[in-house]
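Presented below is the structure to which this report refers.
Since every read-out is calculated from the coordinates, none of them should be taken as a lab result. Quick caveat: nothing in here was measured; it's all calculated off a predicted structure. In this analysis, Cβ positions are derived from the backbone assuming ideal geometry, glycine residues included, and neighbour counts consider all displayed protein chains.
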Amino acid sequence: MISSEKPYSEIVEILKGKDARLKQIIELAKEPIVPEPSVDIYFDLLQSIVSQQLSVKVAAIIWQRFLDLYPDQYPTDRILQEETDEVLRSVGLSRQKANYLRNVATFSIENGMGFELLCAKTDEEIIAYLTQIKGVGKWTVQMVLMFPMDRPNVFPIDDLGIQTKMIAHYNLEGEKKEIRKQMLVIAESWKPYCSLASKYLWGSVLA
């Protein structure tokens, strides 16, 4: 499965009935969240790595420069696997990210990252499978699950944006460990639609 079983409009109403604070967040949103599905997980994973620890604006610039290196703006796994540091660093990538991108390409060639292969797996199986790649952590795979794969029940508890928004919107207090517990309790009520709840939190505005 690559997408939510219900349309977002139905999931929104379910979430609004589960959590009064989330209901306010959703109703204050400037526009509704819409699905962003994709079947090219290899390509989306490359973009996630390029975007790591960068502002949206800077990430977009470097990503476009990276794509411009290749015919049809597509870095195939076999071409990327052999790419040099010099070429990749010329578009603004760090040596570390250059290595990570080649790691993804090598993994794609040797193990596969096709649509059917990944869709047959559960969320946890996909996390375990893709985090075998050096440079690909749980958060990066969760972003792939939530966006291109549109899996409905992902809660990226370690994401700084999610933590900041939940602390503010739900008035969470205490040590980091205690706040984490409170976040899990709140997210429990969102199941099985934690992904869409998280997307609305990301887009919410703090007072």
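Side notes on the structure shown:
- For the residue pairs LYS18/LYS121; LYS18/LYS97; LYS18/LYS57; LYS30/LYS121; LYS16/LYS97, alpha carbon separations beyond 32 Å are given by LYS18/LYS97; LYS18/LYS57; LYS30/LYS121; LYS16/LYS97.
- Value of relative contact order over the chain, rounded to a whole percent, pairs C-alpha under 8 Å and six or more apart: 30 percent
- Neighbour-count order for THR106, THR84, fewest beta carbons within 10 angstrom listed first: THR84, THR106
- The distance separating the Cα centre of region 115-182 from that of region 6-62 comes to 12 Å.
- Its Cα centre serving as origin, the chain has a Cβ charge dipole (Lys and Arg +1, Asp and Glu -1) of approximately 700 debye.
- Angle in degrees between helix 41-51 and the longest Cα principal axis of the chain, rounded to the nearest 10: 80 degrees
- Computed 3J(HN,Hα) for region 181-190, one whole-Hz value per residue from the Karplus formula 6.51 cos²θ - 1.76 cosθ + 1.60 where θ = phi - 60°, is 4, 5, 4, 5, 5, 4, 5, 4, 6, 7, glycine and proline marked x.
- Region 41-146: C-alpha pair distances exceeding 17 Å, %: 50 percent
- For the chain: span of alpha carbons on each principal axis (Å, largest first): 52, 34, 33
- Ordering TYR170, CYS119, LEU46 by Cα displacement along the dipole of the chain toward the positive end leaves TYR170 in first place; charges were set at the Cβ atoms of Lys, Arg (+1) and Asp, Glu (-1).
- Spin-label model distance (nm) - SER90 vs LEU28, 7 Å beyond Cα toward Cβ: 4.8 nm
- With the simple model of a label 7 Å out from the Cα in the direction of the Cβ, LYS191 to THR131 spans 1.8 nm.
- A helix-only calculation puts the chain at -17500 deg cm²/dmol for mean residue ellipticity at 222 nm, using -39500 (n - 2.57) for each DSSP H run of at least four residues, averaged over all residues.
- Principal-axis analysis of the Cα atoms of the chain puts helix 194-203 at an angle of about 90° to the longest axis.
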